[in-house]
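The values are calculated or read from the model by the stated rules, or taken from the named source; none is laboratory data. Keep in mind the model is a prediction, meaning the values are calculated, not measured. Glycine gets a Cβ as well: all are built from the backbone with ideal geometry, and neighbour counts include every protein chain shown. Areas reflect the complete protein model, heavy atoms only, side chains present, ligands, DNA and RNA absent. Shrake-Rupley method; radii C 1.70, N 1.55, O 1.52, S 1.80 Å.
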Amino acid sequence: MGILDKFDAVRGAYNEARSNGRDPFSVRFDVIKSATEGEIGGRSVTLMGTNNYLGLTFDGACVEQAVQALRENGTGTTGSRIANGSYGLHVKLEAELARFYGRKHAMTFTTGYQANLGIIGTLAGRDDDLLIDADSHASIYDACKLSGARVTRFRHNSAKDLARRLKHLEGNPGNRIVVVEGIYSMHGDTAPLKELVAVAKEAGAYIIVDEAHSLGVLGKKGRGLAEAAGVEDDVDFIVGTFSKSLGAIGGFCVSNIENFDVLRVACRPYMFTASLPTSIVASTIEALRQVEKGGHLRERLMRNSRRLYEGLALAGFTMGPEITPVVPVKVDDAETAITFWNGLLQEGLYCNLVLSTATPDGKPLLRCSVSAAHSEQQIDEAIATFTKVGQALNAIPKPAMAAAE
Amino acid sequence: MPDADLDFIMGELRKVVKQPEDVRPEASVTRELGLDSLAVMNLIMVLEDEFDILIPMDKLADVDTVQDLATLTGSLKSQNEDECA
């Protein structure tokens, strides 16, 4: 048996996805021109699947800070912070994050994925119980494996199911740790955080909130769902990423817990990987500043999100449960989804094709992510493109004939 | 372990597999019945509700066949009863 034979089923699905035109899993942009425009094969494409919520990737001040740090400190750090030391900017970013969240401690990671691996995988030990939302991101599932803790999933966004499971675990000697997300990355819905926090606290459990898609997006100051729901004091750990609204790459955790810094010498995904290049750190510090005073960007983002969601719903598409900047269109089967996705790209619109195993209910999605940088015209064009391709594929009803009037 | 539990598990599997006639106690849940990881986890949730138990994800490492799954739920149920007794 060949070493890759175990992936036969995955390879079959991959080949099927590729057989219909472009390879959805290795799209190649010739150039990215702005937060909302790119080019593929010499043709202009509107970007509506980049998680660039505030459109800061080309922000002048962020770019300038990055360039300056690049010139001053070089291209990379070539080592981990434990073995090779921190740069001043790493320490500054952690101080800025702690101040932004109003917490005592902050720790940065090289990616958001590693932040989850590191924090969840280290906080939960063999005798502990992890309770994760069933729709959790892959990084949370992988973190669970790394932890060695007992892991159970509770029904998506169900405080009642969480309570039932916590009750089962009463009397277990270890800690109970609940993990939820601010905005779920596929269906774009938010967690009922107030209820979940109340249930967790009642049972004496710790709670970790992953604000990857909600940082910069929710809350008056952009701190995410915990801020918006008014429960920041009861959330023990917030993890997140610099790669979405902050427009760079990296991850972080903030907390008020005592002795937090021991994680720096216990958390392997922090210890055994190179630290972020300072150009990334510098642009992130500037982006964080802009998030904090970015009320106007958040208003525009929500306006754009509502415009896209409502326009697509009106056209007859099946949408996600809630209006947030993650706007998924549900499609019945993989074949239609693949043809649809190719049709959109052909018409100059890029979104994400999500096939069944990555989606909670097994239905494929055409997942859009909206940016504050999108113009109303870009949103309206996207709705028109979806409608045109959707009608051609009979995914939505064709317009009624004039004669029927 | 009561046969009723095995029957329940097979009934749930028949709802989700492509060929319900393939569901038998000695069939491999992933290799023969073709459940992917998400389908397995969703089945686990249904069993947790039905039998009022928690099935930690690491326990699934030892599960291959439908019978293995029934044995696992049976042992977790009896643990539960011992604790309540």
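With +1 on each Lys and Arg Cβ and -1 on each Asp and Glu Cβ, and nothing else charged, work out how big the dipole of the protein assembly as shown is about its Cα centre, in Debye to the nearest 20. Don't skip to the answer; put the middle values down first.
Values: 50 positive and 67 negative charges, 362 e Å.
Dipole about the Cα centre, nearest 20: 1740 debye.
Calculated from DSSP H runs of 4 or more alone, at -39500 (n - 2.57) each and per residue, what is the 222 nm mean residue ellipticity of chain A, nearest 500?
Values: 14 runs with 158 residues, N = 405.
Roughly -12000 deg cm²/dmol at 222 nm, from the helical runs in chain A.
Assigning unit charges at the beta carbon (Lys, Arg +1; Asp, Glu -1) and nothing else, what dipole magnitude in debye, to the nearest 20, does region A:127-185 show about its Cα centre?
The calculation lands at about 240 debye.
Ignoring trypsin sites (Lys or Arg not before Pro) that are buried or in helix or strand per DSSP, and keeping those with at most 13 other beta carbon atoms within 10 Å, what is the longest stretch of chain B between them?
Maximal segment without exposed cleavage sites: B:32-85.
For chain A, modelled as a Gaussian network with Cα springs under 10 Å, which listed residue fluctuates most, A:182, A:49, A:76?
A:76
Per-residue ellipticity at 222 nm for chain B, helices alone: DSSP H runs ≥ 4 residues times -39500 (n - 2.57), over residue total, nearest 500 deg cm²/dmol?
The per-residue figure over chain B is -18500 deg cm²/dmol.
Please identify every one of the chymotrypsin sites (Phe, Trp or Tyr not before Pro) in region A:222-301 that sits in a loop by DSSP and has no more than 15 other beta carbons within 10 Å of its own beta carbon.
The qualifying sites are A:272.
Cα gyration tensor of region B:2-72, axes a ≥ b ≥ c as square roots of the eigenvalues: rounded (a/c below 1.5), prolate (a/b > b/c) or oblate?
Rounded.
Could you work out Rg/(2.2 N^0.38 Å) for region A:174-297, with Rg from alpha carbons only?
Numbers: Rg = 15.1 Å, N = 124, 2.2 N^0.38 = 13.7 Å.
With N residues counted in region A:174-297, Rg over 2.2 N^0.38 Å equals 1.10.
Putting +1 on Lys and Arg Cβ atoms and -1 on Asp and Glu Cβ atoms, find which of B:78, A:55, A:396 reaches farthest to the positive end of the dipole of the protein assembly as shown.
A:55
So which lysines pass the test for residue A:194, namely a Cα distance under 25 Å, with those fewer than 8 places away in the same chain ruled out?
Correct list for residue A:194: A:104, A:160, A:167, A:220, A:221, A:244.
Could you tell me what % of all Cα pairs in the protein assembly as shown have separations over 29 Å?
So the pairs more than 29 Å apart make up 55 percent of the total in the protein assembly as shown.
In square angstrom, what is the accessible area per residue of chain A with a 1.4 angstrom probe?
On a per-residue basis, 44 Å².
Residue A:388: which lysines have alpha carbons under 17 Å from its alpha carbon, excluding same-chain residues fewer than 8 sequence positions away?
Partners within reach: A:330, A:398.
How charged is the neighbourhood of residue A:282? Take every other residue with its Cβ under 13 Å from the Cβ of residue A:282, and add Lys/Arg as +1 and Asp/Glu as -1.
Numbers: positive: A:71, A:92, A:289; negative: A:59, A:64, A:72, A:96, A:286.
Taking every other residue near residue A:282 into account, the sum is -2.
Highest mean first, what order results for B:63-75, A:25-37 on Cβ atoms within 10 Å?
Numbers: B:63-75: 18.8, A:25-37: 13.5.
With the highest mean Cβ count within 10 Å placed first, the list reads B:63-75, A:25-37.
For region A:123-170 and region A:200-246, write down the distance between their C-alpha centroids in whole Å.
17
Relative to the longest principal Cα axis of chain A, at what angle does helix A:112-123 sit, 0 to 90 degrees, rounded to 10?
Helix A:112-123 sits roughly 40 degrees off the main axis of chain A.
When only DSSP loop residues count, what GluC sites (Glu not before Pro) in region A:75-183 have their Cβ near at most 14 other Cβ atoms within 10 Å?
Numbers: sites: A:94, A:96, A:170, A:181; in loops: A:170.
Hits after loop and neighbour filter: A:170.
Rounded to the nearest Å, what's the spacing between the alpha carbon centres of region B:31-85 and region A:1-39? Just the number, please.
About 35 Å separates the Cα centre of region B:31-85 from the one of region A:1-39.
GluC sites (Glu not before Pro) within region A:220-304: which are DSSP loop residues with at most 13 other Cβ atoms inside 10 Å?
Listed in order of number, the matching sites are A:258.
Work out the mean other chain Cβ neighbour count within 10 Å for the residues of A:140-152 and drop it here as an integer.
Average per residue, whole number: 2.
Under a GNM of chain B (C-alpha, springs under 10 Å), which listed residue has the highest mean-square fluctuation: B:50, B:21, B:12?
Highest fluctuation among the options: B:21.
Mind checking which lysines have their C-alpha under 28 Å from residue A:6, skipping anything on the same chain fewer than 8 residues away?
Reachable lysines: A:145, A:363, B:15, B:18, B:59.
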